[in-house]
Amino acid sequence: MKRVLIFGMAAALMLAGCKEKKAAVIESPAVAVKVTEAISEIVPQDVEFTANVEPWQKNSIVPALQGARIARIYVDVGDNVRKGQLVAEMDPMQYNTAKVQYDTAEADYKRIKSVYDAGGVSEQVFKQAEAQYLITKEAFDNVASHVKLYSPIDGVVTARGADEGNLFTSTPILEIMQIDRLKVRINVSEQYFRNVHVGTPVAISVDIFPGEMFPASVSLVAPSIDPATRTFMAEVTIPNKSGKLRPGMFARSTINMGDVKSVIVPDIAIQRQIGTNDRFVYVISNGVAQRRIVEVGRQVGSLTAVTSGLIAGEMIAITSFSRLNDGTAVEITQ
């Protein structure tokens, strides 16, 4: 009788333990999430390059008269100049010396030539006089061309490196830049070599004028690719009649490399894995969240193109990310 009682008590205890264990594994309620559908759209492949704005032309006013004194400077920083305008003048002392030497050599040459033509001197003497005359003439012409200094371009004076009365050493007296049109030189990845050619439209933006775009176009494409960087140089011409842009500005050049059909999702749906550069989304299927690694491409407004890991038509979570894990049960809400 005692054995029956003990067995009955043991059975009762085992039954109670089973009931307690079953109560401990009750599943958590489903997480409420909002979802959206991944869609397929045509996405422009706008690629951005950065570079400094450069003048279309830049010229340094440097006379070939080392040590000569600067007599006059007719323009200053900020002045607009025209091609052929007199901008500076050197002291004529070197010119006067060279002129005397040239006149003397010319007179000697003419005198010896007339005597040589009459048979009065040897050919060697004549050739020596002729050589001396030509050398002196070349030196004089060089000095003469650097006494009065003219601007070789239309532009604006951007720097002045000397004052009147200074002796010229090596620093340019003036720097003149043509800025009614500008240029940037960008290094483009070789994968776009077939997309970029002379005439390709380019949109230029600068931080100092946020939201404003300046139309430009490719004016030169390098015929070869740098094997070290796998890029090629493209020169972009920017019309600048208004003078709003200036050399030295930091510019962003955007080129459309064509349109590609891509899967598009809201930016908010794409999460970053902590400690890595991996991106992922939660795909919602049959009431369960699936964590999916994706690769992203271009951003279009508040949307981002997904280049791999997702297909159009799949539903993805856009809320409740802190409560989601791979395999979490979910309930879709509006």
* Mind telling me which of the residues ALA88, ALA64 ends up being farther than 22 Å from ASN240 by Cβ and modelled with pLDDT under 85? => ALA64
* To do: May I ask you to list the residues in region 157-174 that are buried (at least 20 other Cβ atoms within 10 Å of the Cβ) and either free of Cβ contacts under 8 Å to residues at least 24 places away in the same chain or under 30 Å from SER242 (Cβ atoms) (or both)?
  => VAL157, ILE173, LEU174
* **strands (runs of 3 or more DSSP E) fully within region 152-238 counting 1 or more residues that are of a type in the set (Gly, Ala, Ser), touching a His at 6+ places or on another chain (Cβ under 6 Å) and closer than 17 Å to GLY248 by Cβ** => none
* Asked: Any idea which of ASP108, ASP79, ASP117, ASP91 is more than 16 Å from LEU149 (Cβ to Cβ) and surrounded by 12 or more Cβ atoms within 10 Å (Cβ to Cβ)?
  -> ASP108
* **Options VAL198, VAL221: the member that is more than 30 Å from GLY78 (Cα to Cα), of a type in the set (A, V, I, L, M) and loosely packed, with under 13 Cβ neighbours inside 10 Å** => VAL198
* Inter-residue pairs, beta-carbon under 6 Å, first closer than 9 Å to THR231 by Cα and in region 178-199, second in a loop (DSSP other than H, G, I, E, B), 6+ apart -> VAL188/VAL196; GLU190/ILE225; GLU190/ARG230
* To do: From the list VAL300, VAL283, VAL330, pick out the single residue that is at pLDDT below 95 and either in the same structural domain as VAL198 (by TED's automatic domain parsing) or buried (at least 16 other Cβ atoms within 10 Å of the Cβ) (or both).
  => VAL330
* Asked: Taking into account only those residues within region 286-297 that are within 38 Å of the chain's Cα centre (by Cα) and not charged (D, E, K, R), which is surrounded by the most Cβ atoms within 10 Å (Cβ to Cβ)?
  -> VAL294
* Structure fact -> Note: among PHE126, PHE140, just one is assigned by TED's automatic domain parsing to the domain that holds VAL77, crowded, with 19+ Cβ neighbours inside 10 Å and in contact with a Lys or Arg (Cβ under 9 Å, 6 or more places away or on another chain), namely PHE140
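Residue-wise test of (1) farther than 25 Å from MET177 by Cβ; (2) assigned by TED's automatic domain parsing to the domain that holds SER189; (3) of a type outside the set (Lys, Arg).
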position	(1), (2), (3)
SER224	yes, yes, yes
PHE232	yes, yes, yes
VAL236	no, yes, yes
ASN240	no, yes, yes
PRO247	no, yes, yes
ARG252	no, yes, no
ILE255	yes, yes, yes
* **Subset of region 244-275 [within 28 Å of the chain's Cα centre (by Cα), exposed (fewer than 14 other Cβ atoms within 10 Å of the Cβ) and assigned to a loop (DSSP other than H, G, I, E, B)]** => LYS244, GLY248
* Asked: Taking the condition at pLDDT 80 or above and either in a strand (DSSP E or B) or closer than 30 Å to SER205 by Cβ (or both), does THR97 pass?
  -> no
* To do: Could you tell me whether ASN187 is farther than 30 Å from VAL221 by Cβ and not charged (D, E, K, R)?
  => no
* Asked: So which strands (runs of 3 or more DSSP E) stay within region 285-334 end to end and still have 1 or more residues that are over 25 Å from VAL43 (Cβ atoms)?
  -> 288-300, 330-332
* To do: Answer yes or no as to whether ASP141 is at pLDDT 90 or above and within 29 Å of LYS83 (Cβ to Cβ).
  => no
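The values are calculated or read from the model by the stated rules, or taken from the named source; none is laboratory data. In this text, all values refer to a predicted model and were calculated from it rather than measured experimentally. Don't worry about glycine lacking a Cβ; one is built from the backbone with ideal geometry, like all the others, and counts go over all protein chains shown.
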